[in-house]
Every structure is written in C-alpha cells, then in structure tokens.
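Everything below concerns the one structure shown next.
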Amino acid sequence: MKVVFAVVCAVLLLLNAGQVESRSHGGGDRAPPKTKKQYKLFVFGDSFADNGNYPMADLTAETRAWYYPYGTSDYEHGTSPTGRFSDAMVQPDFLARILGKEESPPAERRRDQDGVDPFGMNFAVGSAGIVAGSRDAPNFGTQVDSFRRLVRHGIINKDLTDSVALVAFSGKRDYARVSDMTVSQIDALARNVTSSLAGGVEQLLKLGVSKVLVDALPPLGCTPWLSRPNGYGGCDANLQATSLHNAYLNDKVFKYDDVFMLDLKTVFTDFVLTNNPDAGSRGKRFKYKLEPCCDSFDEAGFCGQMEDGKKQYMLCPKPDKHFYWDDMNPTQAGWKAVMEELEDPIKHFLEISS
C-alpha cells in the first residue's frame, strides 16, 4: 500500500507541476496577452501603392515601373521591375509587414491568373487620381466599384470582419496643374477631390471593411516634381494644395472612428526639409532629401526614359541615401523610414500586438 500511495502522490505532483508551469506568474489578476488579429488588406491608390496593376506596354511615363531601373533594389523579386514605382518595395508592402505578411496582397490584374489571395487584393494603379482617371488608370471611385463587384459576386469573401483598407494617393494626378492655379481655384479643386475621397471611404465602410487607413497629402511643394526648378535647394513655396486638401480631409473623412489618418505631410516634411528644427533624427536620415535618385535630363522627361537606345536620365549609385526615387515617389528606404514612424500608431489603431 505504501508503494501504491507513493506512486499516486508522484503522479499528482507531476500533474500539478504541469498546471503550475502553464499558469501566469503573478496569479489570475493579470490580463491574458493580446492576440494578433489576422487582417485582410485591400489597397486603393496610385503610384504610392501600385504593385503591378498598370498594364505592361511600350515604355512611357505611365508604364515606366515595368522597366529598368525600377526594381533594381528589389532583391525579393530578383532585382527586376514588378510594376512598383520605386527601386523596390512601396507603401502597402510595409503595411503588410506590420500585419505579419511579407508584402502587399497581389495586384487585382493577376486575379484571373492566380486566383484570390486570402490576405486581400491591391486595386491601386499608377497615374490614377482620386477624381481624375482613365481606362488604364481608374480613379478611386472606379477602384472601389471594382472591389464592390467582387464582393457582391462572392469572388472576394463577403465576410470582411477584421479587414483593413489603405487609401494611398500621391496627389500628382489630381493636382497636376497646381503651379498655374490661383488659391481660389486650388480651394475649389481640394473641396471636390476630398469630397470624392470621402464618398469612396464611406462606401468601403458600408461594404463592411472594418478599418480604413487614409494617407494625408504629402508636401507637394517638396517633391522633385515641384522642387526641381529650385535646383532641389528647397521646397516650392506654393503649398496651398497640401494644406487645403488635408484640412478638408480632416473635416470630411477623419470624423469616422474607423478611419485613421496616416500623416504623410508631417513625416515627409521631417525627412526632407533641410532646416526643420522639429525633425530631430529624421532630418539626418537621408543625405539627399529633395534630389531624386533617378532624375531625367529633361524637366518634361521621366525616370527610365530612353531615346535611340540612350538613357535620358541619371541614376544614383546608392538609392538608400535618397528619400525620393523619381519625380514623386520615395525610394524603398524612404518608404521604410516613413512606415517605421507610423507603425506604432497603426498598431494602436488596429489593436494588434507587436
């Protein structure tokens, strides 16, 4: 009997030890750890977010992302162009990493070939605008319509629980003539553009998207597109478009609890303004703040342009030293730095753990 009793005690002791080992130190008052949500990601926008939706065709300013030197730093894809308007990854790729994935969900144009990825879908198209658009570069409203149709027909799962949308527009297409416009004209344009953006965001929420991240307009006057006339020595003084757009965006879009602003204006400004006292360490991140890595010889030309087999552009040796890649879009290093600054606010908004 003593032997049996000893064995029983030993078994009970082992079982109890297992229970104690699995219990949190500090007792039952401690909250359980957060569980990382598995978000689906849907992307809308222009060259800031396109990962291969603009159709492949002969080299032009619109199709340049399918040609060298785009993708030259993209070791994940064999240093080849993938339709991304950068030397490698772009904004939704870094958002995807925050969500626990390697890169943006696939471009919508690949759906017929590859099917629908459970992670989501990217509808962004380079050269698109929020209002302005074309057959090859559908605007924001048309991109949302495409998403709606796929949901309605069950091609995209109608259960959009724990889904997040990124709305990422650079502003170049909608504000293409901003340098020649009066303040009153810019104001009217900004009202129209932001009303269209608000309408699209409302549609996404009505369709069941849980959370929407919307880019504030970056400082247009600091882009190589508008700072080139100054020899990249400073930002164009005409910044009314950015200020007006973001003010109306705040009133029309960010009033919703499930919509969050990605403050590109502040973060971009801190990285690229040479004499910004508020920039701190951000201001020292890039050696070349306004000068693009890939710069056309001709002000009306574009990165990657060729004529008679000759390059019509200059290419820097180290893209990671530049914030901007071309006339409008950041380098991979630029986007990485921007999204690192926004990572904690994004995680807080989406209630996901580190």
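We did not get these values from a lab; they are worked out from the coordinates using the rules stated. Everything numeric here is computed off the predicted structure, so don't read it as measured data. Don't worry about glycine lacking a Cβ; one is built from the backbone with ideal geometry, like all the others, and counts go over all protein chains shown.
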Distance in nm between label sites at R111 and E307, each 7 Å beyond Cα in the beta-carbon direction? 4.1
Assertion target for F302, F169, F42, F94, ordered by fewest C-beta neighbours within 10 angstrom first, is F302, F94, F169, F42
Would you mind getting the Kirkwood hydrodynamic radius of the chain from its Cα pairs, rounded to one decimal in Å? 21.8
Using Cα springs under 10 Å in a Gaussian network model of the chain, which residue among Y39, Y75, Y54 shows the largest mean-square fluctuation? Y75
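Find, among the trypsin sites (Lys or Arg not before Pro) in the stretch 95-152, those assigned to loop by DSSP (not H, G, I, E, B) with at most 11 other beta-carbon atoms within 10 angstrom.
On the way: sites: R97, K101, R109, R110, R111, R135, R148, R149, R152; in loops: K101, R135.
Answer by residue number: R135.
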Can you tell me what the convex hull of the Cα atoms of the stretch 141-271 projects to on average, as an area in nm²? 8.6
Pull up the cross-link candidates among the aspartates and glutamates for K287, meaning alpha carbon to alpha carbon under 14 Å and not fewer than 8 places away within one chain. D270, D320
What FRET efficiency do you get for D251 and D145 if R0 is 22 Å and r is their Cβ-Cβ distance, rounded to the nearest 0.05? 0.30
Where in the chain is the longest stretch that carries no GluC sites (Glu not before Pro) classed as loop by DSSP and with at most 12 other Cβ atoms within 10 Å? 103-298
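Provide T182, T266, T223, T82 in ascending order of the number of other Cβ atoms located within 10 Å of each residue's Cβ, fewest first.
Numbers: T182 9, T266 18, T223 25, T82 21.
So the residues, fewest neighbours to most, are T182, T266, T82, T223.
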Bridge orientation stat for the stretch 193-338 from DSSP, antiparallel percent rounded to 5, came to 55
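Based on the Cα gyration tensor of the stretch 134-182, what are the three equivalent ellipsoid semi-axes, each the root of five times an eigenvalue, rounded to whole Å and given largest first?
Working: eigenvalues 192, 35, 8 Å².
After scaling each eigenvalue by five and taking roots: 31, 13, 6 Å.
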Helix-derived mean residue ellipticity, 222 nm - over the chain, DSSP H n ≥ 4, -39500 (n - 2.57), to 500: -10500 deg cm²/dmol
Just order 174-181, 318-325 by mean Cβ neighbour count inside 10 Å, highest at the front, would you? 318-325, 174-181
Taking every DSSP beta bridge that has both residues in the chain, what percent is antiparallel when rounded to the nearest 5? 30
Looks like the stretch 71-201, by Cα gyration tensor root eigenvalues a ≥ b ≥ c and the a/c under 1.5 rounded cutoff (else prolate when a/b is bigger than b/c, oblate otherwise), is oblate
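Taking the Cα centre as origin and putting +1 on Lys and Arg beta-carbons and -1 on Asp and Glu beta-carbons, what dipole magnitude results for the chain, to the nearest 20 debye? Can you show the working numbers first?
On the way: 40 positive and 46 negative charges, 209 e Å.
It works out to roughly 1000 debye.
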Hey, which lysines would be in cross-link range of K158, C-alpha to C-alpha under 21 Å, not counting anything within fewer than 8 residues on its own chain? K37, K40, K206, K211
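Run the dipole for the stretch 246-354 about the Cα centre, Lys and Arg Cβ at +1, Asp and Glu Cβ at -1, nothing else charged, and hand back the magnitude in debye, nearest 20. Provide the component values of the computation, followed by the final result.
On the way: 14 positive and 20 negative charges, 82 e Å.
Dipole size: approximately 400 debye.
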Please rank F254, F286, fewest neighbouring Cβ atoms within 10 Å first, as an exposure proxy. F254, F286
